[in-house]
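Structure, as structure tokens:
The values are calculated or read from the model by the stated rules, or taken from the named source; none is laboratory data. Keep in mind that what you see is a predicted model, and the values were worked out from it rather than measured. Note that we place each Cβ from the backbone using ideal geometry, even for glycine, and neighbour counts take in every protein chain shown. Accessible surface is based on the protein model in full, side chains and every heavy atom, while ligands, DNA and RNA are left aside. Shrake-Rupley method; radii C 1.70, N 1.55, O 1.52, S 1.80 Å.
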Amino acid sequence: MPIEPTHRFLRACHSLPVDQTPVWLMRQAGRYLPEYMRVRQQAGDFLTLCKNPDLATEVTLQPVYRFNMDAAILFSDILVVPEAMGMTLFFETGEGPVLEPVLRTPADLRCLRPVDPEERLGYVLQTVVQIRQALNGKIPLIGFSGSPWTLATYMIEGGSSKTFRYIKGMLFDQPALLQQLLDQISDVVVDYLNAQIAHGVQAVQIFDTWGGVLGPREFVAFSLRSIQRIVDRLHRVGPDGQKVPIILFAKGCGSLLEEMIGTGCDVIGLDWTTDAASARHRAAGRVALQGNLDPAVLYASPEIIRMQVGRLLRDFGTEPGHIFNLGHGVAQDMDPSRIADLVTAVQEESRLLLRYRQAGEE
Ligand code: CP3
């Protein structure tokens, strides 16, 4: 029998009652924090930082201590997976990520190799071990991977894209070739996430950042299909005997909530275009929900931030199974003091709301 979790983040992932709504933020570590910029400078560049377990541990913990978050997220990047498969990865300043050589033909796919995570991504696993040691049970650690579809967009386009012309061209012209690539990536992601779990991550999040560029039929056939393959193969009990929840965040896919729930994930992450109250109704207690404040609220005043937080908490309601997050990541130009205002508002407002519910005064 798996052990019942005590941390409020893990309890909420399993739709168990909590004392206040747990909160963490996508991209909580990063360039908006001056202490991150100092460590990145020390490392030289972003990728070197990711590959240095001491420094990656340090930047993972920065937002956790500064803001009193309910979970830490492993500091790394989704694109280390294509790099481990044999592609060359670099980050052009101001241009975003670049992956070479682009994959367009069956011959191109042959240069990809299977991945032994211990061998090719050992630095990530070492970082997981060090973060767990540093956290010392205080709060849980979330591991992650990109979804096969989202990783494939970078591998086929060669980096970020606005139109997704090459991968969508392949989807409609050579669907079997694309499925072959997606299966190949899925196998790597399964082994990678299972290795993260074996080394101590206590939850995993699958980022399908670009699922929303697909039509509904294509989302199910090309993105959800490989996510399903992963969910079916993950070890969902960690080495400590606790259940390891799977969070699926597919940006722009709120209209397909039922299909996402059908994969068997424990938590669905919502972006800010989905109405929280109706998502709650549609989910009907089958999964926990994570989200989904518009990140742009962080550009507003502390008073407005608190008002928006209160409103969203009431929309999600007081039944167990809500993890507070933004609808997407913290941006580079955001003010750390506004993040502090947000986290405090979630903690205080949710505590009040839950107390009223207990007293039956709602
Ligand atoms: O705090 C955290 O959330 C953990 C760290 C994390 C990063 N990337 C750090 C990062 C996580 C979970 C990611 C995931 C990731 N990486 C995604 C999925 C999530 C999402 O945002 O939708 C995607 C699409 C990527 C790919 C990627 N990596 C992009 C598009 C960029 C931005 C490039 C740029 O120059 O703006 C990155 C780089 C990156 N990943 C940074 C950080 C902190 C910035 C690097 C830097 O310059 O220091």
Collect the residues in segment 228-237 that are open to solvent by 10 Å² or more (accessible area, probe 1.4 Å) and either aliphatic (A, V, I, L, M) or touching a Pro at 6+ places or on another chain (Cβ under 9 Å) (or both), keeping them in residue-number order. Arg229, Leu234, Arg236, Val237
Candidate set from segment 63-80 (those that are near the ligand (Cβ under 10 Å from one of its atoms) and open to solvent by 10 Å² or more (accessible area, probe 1.4 Å)); member that is nearest to Ala345 (Cα to Cα): Ile73
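Could you identify the single residue in Ser145, Ser186 that is closer than 20 Å to Leu234 by Cα and not in a helix (DSSP H, G or I)? Lay out the reasoning, then the answer.
Working: Ser186 fails: not in a helix (DSSP H, G or I).
Checking each option against the conditions leaves just Ser145.
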Answer yes if at least one residue in segment 143-164 is on the phi < 0 side of the Ramachandran plot, in contact with a strand residue (DSSP E or B) (Cβ under 6 Å, 6 or more places away or on another chain), within 16 Å of the ligand (Cβ to nearest atom) and open to solvent by 40 Å² or more (accessible area, probe 1.4 Å), and no otherwise. yes
Can you name the residue in segment 102-120 that is touching an Asp or Glu at 6+ places or on another chain (Cβ under 9 Å) and touching a residue at least 40 places away in the same chain (Cβ under 8 Å) and is also most open to solvent (accessible area, probe 1.4 Å) among such residues? Pro114
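Quick one: would you say Thr60 is under 26 Å from Val129 (Cβ atoms), of a type outside the set (Gly, Ala, Ser) and open to solvent by less than 30 Å² (accessible area, probe 1.4 Å)?
Values: under 26 Å from Val129 (Cβ atoms): yes; of a type outside the set (Gly, Ala, Ser): yes; open to solvent by less than 30 Å² (accessible area, probe 1.4 Å): yes.
Against the criterion (under 26 Å from Val129 (Cβ atoms), of a type outside the set (Gly, Ala, Ser) and open to solvent by less than 30 Å² (accessible area, probe 1.4 Å)), Thr60 qualifies.
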Subset of segment 201-221, residues open to solvent by less than 10 Å² (accessible area, probe 1.4 Å) and of a type outside the set (A, V, I, L, M, F, W, C), comes to Gln205, Asp208, Gly211
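Any residue at all in segment 22-38 that's away from the ligand (no atom under 13 Å from the Cβ), more than 25 Å from Asp271 (Cβ to Cβ) and part of a loop (DSSP other than H, G, I, E, B)?
Here is the first cut: in segment 22-38, the residues away from the ligand (no atom under 13 Å from the Cβ) are 22-23.
Those still in the list that are more than 25 Å from Asp271 (Cβ to Cβ) too: none.
Within segment 22-38, not a single residue is away from the ligand (no atom under 13 Å from the Cβ), more than 25 Å from Asp271 (Cβ to Cβ) and part of a loop (DSSP other than H, G, I, E, B).
Only one of these is more than 16 Å from the ligand (Cβ to nearest atom) and either at negative phi or not in a loop (DSSP other than H, G, I, E, B) (or both): Glu119, Glu83, Glu58. Name it.
Values: Glu83 fails: more than 16 Å from the ligand (Cβ to nearest atom); Glu58 fails: more than 16 Å from the ligand (Cβ to nearest atom).
Sole residue among the options that is more than 16 Å from the ligand (Cβ to nearest atom) and either at negative phi or not in a loop (DSSP other than H, G, I, E, B) (or both): Glu119.
For segment 166-175, state whether one or more residues are within 19 Å of Val267 (Cα to Cα) and either within 13 Å of the ligand (Cβ to nearest atom) or part of a helix (DSSP H, G or I) (or both). Please lay out each step first, then the result.
Residues of segment 166-175 that are within 19 Å of Val267 (Cα to Cα), as a first pass: none.
So far as segment 166-175 goes, no, none of its residues is within 19 Å of Val267 (Cα to Cα) and either within 13 Å of the ligand (Cβ to nearest atom) or part of a helix (DSSP H, G or I) (or both).
Does segment 341-357 contain any residue that is within 16 Å of the ligand (Cβ to nearest atom), out of contact with any His (no Cβ under 9 Å at 6 or more places or on another chain), open to solvent by less than 60 Å² (accessible area, probe 1.4 Å) and hydrophobic (A, V, I, L, M, F, W, C)? So that I can check it myself, show each step before the final result.
Narrowing segment 341-357 to residues within 16 Å of the ligand (Cβ to nearest atom): 342-343.
Now narrow it down to the ones that are out of contact with any His (no Cβ under 9 Å at 6 or more places or on another chain): 342-343.
Filter once more, so that each one left must be open to solvent by less than 60 Å² (accessible area, probe 1.4 Å): 342-343.
Now drop any that are not hydrophobic (A, V, I, L, M, F, W, C), which leaves 342-343.
Looking for residues that are within 16 Å of the ligand (Cβ to nearest atom), out of contact with any His (no Cβ under 9 Å at 6 or more places or on another chain), open to solvent by less than 60 Å² (accessible area, probe 1.4 Å) and hydrophobic (A, V, I, L, M, F, W, C), one finds at least one in segment 341-357, hence yes.
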